[in-house]
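Novice: Quick one: this structure, given as structure tokens, is what I'll be asking you about.
Nothing in this text is a laboratory measurement; each read-out follows from the coordinates by a stated rule. Computed from a predicted structure; not experimentally measured. Virtual Cβ from ideal backbone geometry, glycine too; neighbours counted across all protein chains shown.
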């Protein structure tokens, strides 16, 4: 039993995200020279401890949501070659530790940035707009009616199943649910399109050097779309699960 | 620097391999019996000596209470984990075992890492014999599904055998590495590993990057109780049933006969890999003979259900990798059971392409481990392995629920951070419980470690301890904590739930390393003495030859001195001295050897005309 509480992850202002970027602000631990880009000292070539620039900076990418997957993979593989502990088997303990931390941060960063949704969630978490693993599980107002109806059908299906009826009795209900699932999947596609627009808005704001207000608006919009998306996705998943259970 | 080797520490057999610079290819090293397969069996002699490998396997029947096989199944596991194994395997668990199992061999108890250590030391000895120099560094392979405790136990075994474990590599990754270093294009590889006792399937992605090839594991799945042994059992059952039916003879009490019958059935299995039919001829007690013609068709019908059971995990691994069977570009076969034509056919049907069978399926994992050892020690960077962690890592939270920190199939190294605080005023520590597994509740997952984070007493919720969990490139957990209020870093003494604590390992190490060095020196000494004996005999014989009269007195005196010096050295304990004196004597007798040789040639030529030569 754990007597300690898991502390809710605080916003970025409290968080020391020290495991995520190149270019540490301090001088090279080995030669005292200025740290170079790309996780190695420009002067002596030694591996450096992780900095705090975040996942995008880790890949030397601008903090933009439109990411070319193939380009990201190329960067990931190139960095894997350089940072992996296999390259440091014969190095000193400090360098081996740097390699372990950097390559685990690399894998974490790649996992987070690969998928567009987790990429956007990471961005918002880093800017304190969103808390890790937290989404508002409220029905968006415009969907309230449909969700209410859907939940009723799901209840009906469950009680029909418990009562032992199948086949013809539930087939009409199943058809209705199937239709609803399709409708929600279409909505999901629409939300994904909105998310794409949100990405573009953020990227334009970043490119144009927009002020905090514009960036804040873009992030708030992204957050709202992400919450809605997560809600609809859970809905589709639960309908699918119920239909499979019934099959 | 000594040579680095690759070792496949298997459930039924272990192998050792190295990268031969002459051929540029990895090669398995044969042992004294000529085979590269070392039975993973350990036995305790009546005089207290431990033997491993073939010598131990031969004692399975005569000294079953002092002999253990399949010890890999016990690695990194607790007593309650192995209840199922105990139904199948006759392990004699020491009643005093707690979080580390101890197995009784005769009057002594051994931990699984010690048993595996003896097997590792045996194959290490093969390599030392082969190279004529000590071997100290190795890459050891582990099943991809091995959890933290099992990996740690394997690393401990390596240390106990006097080996620096350069890296633990997943078996399927090693197999892929042994294959196709140069044909590596962008491709997806399925590694189908059907061994003696376990089945494993892994999906890898091969990427030809500018710097070399990257092997990335996408997913892995398997069944730890499915293997060639099941096939052997099925055949044995068939024979037993027929013998009971035809003669009313129940073989259950005749363990020796059963063992012999099993061997006969295994031989039939092997033959049916090439032949369309075979005949088992087996002499039963009381002079009866069991003669049974077995066609491949009947054999395949018998074992069909066993082979089918490998296909579900294979499909699961594909699903986890988000791939369809036809998206697999290469299939690599590992394990002796993949020699069975039916297995090859089923695999071909599933993946819709013929599997690779060019390399010996028993050797392929060890060969890959040798390649990785070569890469790690020479810095020849032509391949990089990106393995994944097979199980999710999490911590127990309120109500016994597991909070996942690192999901399964994450590329390693991987890490996660969590912030912890106190729940009540003046709490002096926070207890953490780290688990591995996919289930929701802590009690259904695998306990890895428990430890306590010390906290300065204060108001509840004031403490801010950041804990960083890192799974290293071997798949082993490391934990570090940082007090965010003071900035103080702490290393954490993680007490493994299942595994040897550091002091225990230290003690075993001191014992074993002494032994390991002694072992090597003793073996070298015996060999050097043998060699010394034969060279002394040869020298004396030569000196008795009339031809030796042609030596001048100085030469003769130097030879006599060298003989005396070698005799003296051979009575001593230092094999290096013996070797050096052998060299001396060889050098001093060079002229004598020439004289004898000339005489031999002259006499051979006598009476022959020049034209006949």
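Novice: Determine the distance separating the Cα centre of the stretch B:361-412 from the Cα centre of the stretch B:113-128; give it in Å without decimals.
Specialist: For the stretch B:361-412 versus the stretch B:113-128, the Cα centre distance is 23 Å.
Novice: With labels modelled as points extended 7 Å from the Cα through the Cβ direction, what inter-label distance (nm, one decimal) is found for residue B:107 paired with residue B:89?
Specialist: 2.7
Novice: What value, in deg cm²/dmol to 500, does the helix sum -39500 (n - 2.57) over DSSP H runs of n ≥ 4 give at 222 nm once divided by the residues of chain B? Could you put the intermediate results ahead of the total?
Specialist: Values: 16 runs with 233 residues, N = 613.
The per-residue figure over chain B is -12500 deg cm²/dmol.
Novice: Okay, moving on. Grab the beta carbon distance between residue B:565 and residue B:46, set R0 = 41 Å, and tell me the FRET efficiency rounded to 0.05.
Specialist: Working: r = 40 Å, r/R0 = 0.96.
E between residue B:565 and residue B:46, to the nearest 0.05, is 0.55.
Novice: Oh, and also: Angle, helix B:311-320 long axis vs. longest principal axis of chain B, Cα atoms, 0 to 90°, nearest 10?
Specialist: Helix B:311-320 sits at roughly 60 degrees to that axis.
Novice: Testing the spin-label approximation: label points 7 Å from Cα along Cα→Cβ at residue A:52 and residue B:54. State their distance in nm.
Specialist: 6.3
Novice: Related question: How well do other chains shield peptide B:473-479, expressed as the mean number of their Cβ atoms within 10 Å of each residue Cβ?
Specialist: On the way: counts 9, 1, 0, 0, 0, 3, 0.
Per residue, the average neighbour count from other chains is 2.
Novice: Whole angstrom only: what separates the Cα centroid of the stretch B:34-100 from the Cα centroid of the stretch B:524-587?
Specialist: Between the Cα centres of the stretch B:34-100 and the stretch B:524-587 lies a distance of 45 Å.
Novice: Tell me the angle of helix B:255-271 to the major Cα principal axis of chain B, expressed in degrees between 0 and 90 and rounded to the nearest ten.
Specialist: That works out to roughly 90 degrees.
Novice: Would you mind giving the mean number of other chain beta-carbons within 10 Å of the Cβ of each residue in B:401-412, as a whole number? Write out the running numbers ahead of the final one.
Specialist: Values: counts 1, 0, 3, 1, 0, 4, 1, 0, 0, 4, 9, 4.
Taking all residues of B:401-412 together, the mean is 2.
Novice: Next up: Normalised by the number of residues in the stretch B:228-308, what is the relative contact order in percent for Cα pairs under 8 Å and 6+ residues apart? Don't jump to the answer; show the numbers that get you there.
Specialist: On the way: 69 pairs, mean separation 20.6, N = 81.
With pairs under 8 Å counted, the relative contact order is 25 percent.
Novice: Taking the Kirkwood radius as the inverse of the mean 1/r across Cα pairs, report the Rg/Rh of the protein assembly as shown.
Specialist: Details: Rg = 33.2 Å, Rh = 31.6 Å.
Rounded to two decimals, Rg/Rh equals 1.05.
Novice: Still on this model: Report the relative contact order of chain B, percent, no decimals, based on alpha-carbon pairs under 8 angstrom and at least 6 residues apart. All intermediate terms of the calculation are to be shown ahead of the outcome.
Specialist: Details: 1159 pairs, mean separation 78.2, N = 613.
Relative contact order comes out at 13 percent.
Novice: Please tell me the relative contact order of the stretch B:382-447 in percent, rounded to the nearest whole number, where contacts are Cα pairs under 8 Å and at least six residues apart.
Specialist: Relative CO of the stretch B:382-447 lands at 35 percent.
Novice: Starting from the Cα-Cα distance between residue B:530 and residue B:598, subtract it from 0.36 nm times their residue separation and give me the gain in nm to one decimal.
Specialist: On the way: separation 68, 0.36 × 68 = 24.48 nm, distance 2.81 nm.
This chain segment gains 21.7 nm when fully extended.
Novice: Residue by residue through B:331-338, how many Cβ atoms from other chains fall within 10 Å of the Cβ on average?
Specialist: Values: counts 0, 0, 0, 0, 0, 0, 0, 0.
Taking all residues of B:331-338 together, the mean is 0.
Novice: Something else about it: What's the exposure ranking of B:331, A:117, B:46, B:479, going from fewest to most Cβ atoms within 10 Å?
Specialist: Ascending Cβ contact count within 10 Å gives the list B:46, A:117, B:479, B:331.
Novice: For the stretch B:228-308, what does the equivalent ellipsoid look like in terms of its semi-axes, each the square root of 5 times an eigenvalue of the Cα gyration tensor, given largest first in whole Å?
Specialist: With the √(5λ) rule applied to the stretch B:228-308, the semi-axes are 21, 14, 11 Å.
Novice: With each pseudo-label sitting 7 Å past Cα toward Cβ, what's the residue B:288-residue A:173 distance in nm, one decimal?
Specialist: Spacing of the two 7 Å Cα→Cβ label points: 6.2 nm.
Novice: Tell me, A:202, A:153 in order of fewest to most beta-carbon neighbours within 10 Å? Walk me through the intermediate numbers first.
Specialist: Working: A:202 25, A:153 17.
Neighbour counts put them in this order, fewest first: A:153, A:202.
Novice: Per q in 0.05, 0.06, 0.12 Å⁻¹, report the Debye log10 I(q)/I(0) for chain B, using one uniform scatterer on each alpha carbon and no solvent.
Specialist: Result of the Debye calculation: -0.30, -0.42, -1.26.
Novice: Using the 10 angstrom Cβ neighbour count as an exposure proxy, how do B:322, B:87, B:482, B:25 rank, fewest first?
Specialist: Numbers: B:322 10, B:87 7, B:482 19, B:25 13.
Fewest-to-most Cβ neighbours within 10 Å comes out as B:87, B:322, B:25, B:482.
Novice: Now a separate question. Going by alpha carbons, how many degrees (0 to 90, nearest 10) lie between the helix axis of B:148-160 and the longest principal axis of chain B?
Specialist: 30
Novice: In whole angstrom, note down how far apart the Cα centers of the stretch A:179-232 and the stretch B:250-312 are.
Specialist: 65
Novice: Ok, one more. Provide the FRET efficiency to the nearest 0.05 for the residue A:234-residue B:401 pair, computing r from the beta carbons and using R0 = 25 Å.
Specialist: On the way: r = 19 Å, r/R0 = 0.76.
That gives a FRET efficiency of 0.85.
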